[in-house]
1. Do any residues of segment A:151-196 lose at least 50 Å² of accessible area when the full set of protein chains is present rather than just their chain alone, and if so which, with a 1.4 Å probe?
2. If the cut-off is a Cα-Cα distance under 16 Å, which lysines reach C:K277, setting aside same-chain residues fewer than 8 apart in sequence?
3. Which positions within segment D:96-120 get 50 Å² or more of their accessible surface covered by the other protein chains, compared to the chain by itself, with a 1.4 angstrom probe?
4. Compute the length gained on full extension between B:D337 and B:R143: take 0.36 nm times their separation in residues and subtract their Cα-Cα distance, giving the result in nm to one decimal.
5. Checking the a/c ratio against 1.5 first, then a/b against b/c, what shape does the Cα gyration tensor give for segment B:4-240?
6. Cα centroid distance between segment A:156-222 and segment A:56-109, in Å?
7. Between chains D and A, what is the buried accessible area summed over both chains (1.4 Å probe, protein heavy atoms, nearest 100 Å²)?
8. What part of the accessible area of segment D:151-302, given as a whole %, is carbon or sulfur when the probe is 1.4 angstrom?
Amino acid sequence: MEMKLGWRNRLGLMIKSHQEESLLTLLIVIIIAISPIFSPDFFTEYNLFNLLRQISYTAIVSIGMLLTILIGGIDLSVGSTMQAVGLSSILLIQNDMPVWLVVIVVLLIGMALGLINGSLIVYGLLQPFIVTLGTKIIIDGLTLVISDGKGVSGNAPDSFLEIGAGHVGSVPIPVIIMFVLIFLGSVVLNRTVFGRQIYAVGSNRLAAHNSGIHVNRIQLLVYMLSGLFAAIAGLLVAARTGAFQPITVGGGAGGMELNAIAAVVVGGASLAGGKGTVGGAFLGALLSGLLFNLLVFLDLNPYIQQFVLGAIVLAAVIFSASKRQKR
Amino acid sequence: MNNVILELKGVSKKFGPAYANQNINVQLEQGEFHAIVGENGAGKSTLIKMLSGVHLPDEGEIIWKGKAVKLTSPHAAQSQGISTLFQEIQEIPALSVAENIFLGREPKSMGFMQWSDLFKEAEVLLRSLNIMIDPRTKMEDLRISERKMVEIARAVSIKAELIIMDEPSANLNEDELKILFDTIALLRRQNVTIVYISHRLREIFAMADRVTVLRDGKHIQTINIRDTNEAALVTSMIGRKLEEYYPAKTVESGDVLLDVKNLSLPDGELQNVSFQLRKREVVGLAGLAGSGQELVTKILFGLVKGFTGNIVLDGRSFVPHSPRQSMNAGISFVPEDRKTQGLFLNQSVKDNMSITALFKNFLTGGLINKSKELRKANSLIAQLSVRPQDPYKHVGNLSGGNQQKALIGRWLIDKYKILILEEPTRGVDVGAKMDIYQEINKLLEQDLAILMVSSELPELLGMCDRILVFSEGKMTAEFSRDEATEEKIMEYAFPR
Amino acid sequence: GKSNNDSKASSSAPAASASAGASAQTGSYEYKTKKDGKITIGFSQAVMNHPFRIAMVESAKKAAADLGVELIVTDGQGDVNKEISNIESLIARNVDAIVVSSLSGKAIYPAYKQVAEAKIPLIIAASGVPDDESIPYVSYVATDEVSMGQQAAQYIAKLLNNKGNIVVLDGVPESTNSELRRKGFMPEIEKFSDIKVVAHQSADWLRLPAMQVMTNILQANDKIDVVFAQNDEMGFGALEAIKKAGREKEIKVVGMDAQKEALEMIKNGGSYIMSVKNEWSTETALRLAIDAVRGKPIDKRVLLDSPVIDKSNIDKYYDPNSVF
Amino acid sequence: MKRLNNQLPLITLIILVIVGSFLSDSFLTVKNLINLIQFAAETGIIAVGMAFVIFTGGIDLSVGSTVALAAVIAASTQQLGVPGVLGLCVVLGALIGIINGLVITKARVEPFMATLAMMAIVRAVTLWITNGGPVLKPVSASYQAIAGDAFGIPLPAIYLVVIFILGYILLRRLPFGRHVMAVGGGEETARLFGVKVEKVKLMVYTLSGILAALAGALITARIGMGEPRSGQSFELTAIAIVIVGGTYLLGGRGTIGGTFIGAMIFAVILNLMNLLDVSAYIQPIVRGLIIIIAALLISRSFAKNKKTAESA
Ligand SMILES: Nc1ncnc2c1ncn2[C@@H]1O[C@H](COP(=O)(O)OP(=O)(O)OP(=O)(O)O)[C@@H](O)[C@H]1O
Ligand SMILES: Nc1ncnc2c1ncn2[C@@H]1O[C@H](COP(=O)(O)OP(=O)(O)OP(=O)(O)O)[C@@H](O)[C@H]1O
Ligand SMILES: [Mg+2]
Ligand SMILES: [Mg+2]
């Protein structure tokens, strides 16, 4: 009896300290549970793995975005970095560079772009919002110049395509990579000095400095990681299709950066910094991916789908703000 | 009594499950100077925040001039004639002094701002209080104490019948204190009622008519100042008798640990400062605010660069250039302003304490050992008597004194050679003060040396083996514990 | 003009039935068929914020109602990954056939392969022609954007007697359609050495940017003979700017898509003189999809006609009740 | 030095104009300069609202979508007559702004998230009610005339200048402007000093919504139809204008005059790039560089101001 109480208490404590995450999990479970009402085809292995693969890109980018948000910053250039990395990897593959080298080079490109963002923020004393808005526009422009505005595709070897389109068992490789990165991200944030220092910097920069934390170094690293995660996602997309295609002006929903920010914040992070978890970001991405997927099954007008997604984001941020208020 | 201006009837305020104020019954008489005292977290600020419209009481009522009022906003309180000088500096840094003073009450005609009137009125107000600040200056270009003076001017300029001051004297130098006290005298001549919170009992005994004591959110007593004395008041505040305010030092100083020679900064901010610090020694740095003493400590902790001179630490030459490097050399640092410079307010007490020690103390196989970290945090909480005893509580929700203890706790995990304490007890109540002083003595037993910057002279006199006095960037005197008196220190602290 | 009659080129794909083997070389494959019963067709539209793309959807809906099939429309919002997700969702829903209208060139091919793997007939509509033989599809139906560009260039050259100054307004530069139209137009116009492209800017397919960009171009250039806009919307914006500058006598405008408003202007006579038709009706694609599901033999390639429409043939094409 | 720093946007603009007049003969003509102002009209008008929002330390990402919704509503309600249409747009913009403001002040949602969600929702509503296509109902001649000329000067240019002047008066000549700056410079303090912080915020988002809706109504008058794709990424352009104009993104510092100069800087750059027939691919790179360089210069000046305060 006592044992059981202790267990319940612990669960209660966990739910209490992770309210956003718990609520999201509940919501996702409910949606999946009632999905058969809408369509018997929804809850199939094929569709669930599809769903996970569909969200894997956003989820991966969200981890990097979460880091920048945790230190009180933001990275609006992730979508553009994905594009640039996608283009680079296809161009390199076209030039017969070995696949392993392509992977290394494009991940370095992502980190280099992140380093540029970080340097401008740290040494230029600039607001992350404005820096990454500027670099976003510039990276888009460069991608355009290099690709000459055209889609590019090469004779990608199977080993390259395998990264994006392959499976282990029936699990798509991007899904596996996503879960590995979520795991690593959680460990780094929860259990390493670097993770604690990220929360500290986001919570109070001056105090972090006075605690012996190299605040600038942390910031640079975080933006490099954000670039790296965007690069991983960009690589996975490119390797999925073996081709690069510029994203044309969207039909309403924002680009990858806004999806990732929404996922992170819906997952309980605060844009003020110092608060948020990798699990929350994943759940945020999962929720919107799930709804997006489900709405196709519901056969709703696509514009209503966008409306519903916007409304869900709004409801989620209002909810987590109301939690903050009570504290 | 028929000259009661304000009455609190059974007022309570809760934060979460805990009462910050519980069933408070106080009457303020017209024109009196009413002091409120109590330990950190006793509920003083909460009480006056209900009077100034920041918080609404959960229970009870506030009777203002015979009528029950609901003070739903600071604006509502102001329009009733209640003006407040809050504990934390309240300012808009990017706006001018005049705009700050008249914010929300801008002079206007037909709805339009009258800029010239704004500056003129501000000028007149400041001069009438002997404050020599240009009303066109931006707040951010002023020193801390000057900013506090502007706030005082603002509080006065609201033609209020009740002025509430929450620790107004905490940041001020002697000159500025005089202006504050003159201003209070002026207000009293105008029959303005004053509610005054301070941890400096001397001020209270010098000025107050009556004093209200709060403890643990409860109203302990309200008494005429003539009918009490310091000892009795302190006993009533902390609920026990206070034997030894400054605990006797238990260890002898040892060898020279730190040898500073000819420390200087460009522009004469610091000129040829030389001193030594021994093991197990407490050295105090005294002086008016901004006289160079805090530059010395900031240089040592790697926060101020571009200095000349020699620093020898433990026999080795040492050129500090970053906090981390100073930490690795054995220097720890409790900054002056715990909220902006020290604490991670939205993080737990545990995380605040462990942050500097994670690397050396809590890593197992490269990962943080959370149970070890928790054990250490719990033991520090007990050792420093941090209240509440909850390692997961966000530091921002603790009272000032407990925040200070959590901050000091950060430096007690790893072993350091020197602890720099800036204003270690600013805004800290007597009980917590004693806890901190006792902790200082324990640290000395562990071979630590302490460099203490404080604007509270009694604290320096009570705790330090030696006191170095600074004035205008120069070290003007050095006194041993036996030689030092307040008068002598002040003599050398003032510019000549 | 209805598209069935316009089909110019075709190569027969093997009718899908249990016996007809699929051949990877020709890109066709074996797919599930249904002799009778209700048909559900998925339509993956690349982006739905453009009148042309919307007209495609509208005509598909109308055709579906006429032909008695259920239609599920998805919006890729201009992002190839969303498009792929949508197609995957359609596969998961077990639709009987999928019509894809993509902007995304080769990046969409993996989705085509997934459709084929699921043995669902795939009809590609108004997208780039897969130039890779291994890409599976059952039928391809579209206008030829490159040839549209060439036709526009030839029209302008003839109009100017091979000599003059022209302005080119591109759509969103990175969009496939802009790229293909450019690919047809630019080399063709460069063949005429006396025709000078005095300005070549992008106006994002939209009217207001076209108006602003054109006003600036007018400032910089004293003599302009023809403006070629890659779609009619931008042509209208350019014309607006030209009128404001009082230069509509001097400058003629030609556009593309042949939307109703453009045809009206051509009919009424004025500076807007020509538009190259871009077929927006999806009825053909839907018919092909139904035939595939029913196991009937269908054409592998259906190229839709893209005539040049000007004063001389306007009456043949102008339909006041057209939805686009 | 501080003086000079405050004038950085103006200096940038002057340099651009000088460079422009050397690069292109057509640049420094009265006609071109007026054109330049008129083309800045929509984004400039939005930038005024955005500036007020940023002064309070907020941000409004929903303006682009509001432009689109107002543009199609204006086109589809022509029967109301010009005042009716404009009135309706004002109400619509105010409504969106009020919802933003309430979500931000009452539900305490961060402005970035609140207006991001609103951006998606309003955009979806616009596409929904227009079914994605433009509203092609005839726009009356009298309505189109509001984007016409007066005494040879394009009216949009006049609107822009008038709205900037009104914005200047609001910021500098009315107490409201001081309250806006106070909210951005220190929200808690402003509240304690009796500034009605929630009301101020509500008002700046409402203002921003109204101005965005008017910009949308103006676009419809200009192009003679209701284009649901109007205003795409206007929010980013407006933010960039405000920042390049010397305003601090975190609130409490900035000017309306600077914002006007920011709008002109972007207009000059677009104009020059068209006049010189710069490739469409290069143009975004130039815009991005301008944003970063301007932000670099401006942050230097703020950093200097702050340093002097800290060391004092
Ligand atoms: N906004 C708040 N949320 C939660 N708890 C609060 C809040 N404000 C105050 N408290 C708690 O209420 C109690 C009383 O705090 P208060 O600030 O009134 O103390 P005080 O007597 O002014 O102390 P000090 O001398 O340190 O200023 C403390 O335990 C404090 O932690
Ligand atoms: N005392 C400490 N507190 C917090 N983190 C530490 C500490 N010591 C080391 N670290 C961590 O270990 C990493 C390397 O530590 P190290 O002390 O070698 O830094 P460093 O590179 O020598 O610093 P410096 O730039 O001052 O020379 C740091 O990035 C930091 O994450
Ligand atoms: Mg207090
Ligand atoms: Mg307190």
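The values are calculated or read from the model by the stated rules, or taken from the named source; none is laboratory data. Everything numeric here is computed off the predicted structure, so don't read it as measured data. Because the Cβ atoms are built from the backbone with ideal geometry, glycine has one as well, and the counts that use them run over all protein chains shown. The accessibility values were calculated without ligands, DNA or RNA, using every heavy atom of the protein model including side chains. Shrake-Rupley method; radii C 1.70, N 1.55, O 1.52, S 1.80 Å.
1. A:R191, A:V193, A:R196
2. C:K2, C:K8, C:K260, C:K267, C:K311, C:K316
3. SASA drop of 50 Å² or more in segment D:96-120: D:R108, D:E110, D:F112, D:M113.
4. 68.4 nm
5. prolate
6. Cα centroid to Cα centroid, the span is 13 Å.
7. That pair hides around 3800 Å² of surface in total.
8. After summing per-atom areas, the C and S share lands at 73 percent.
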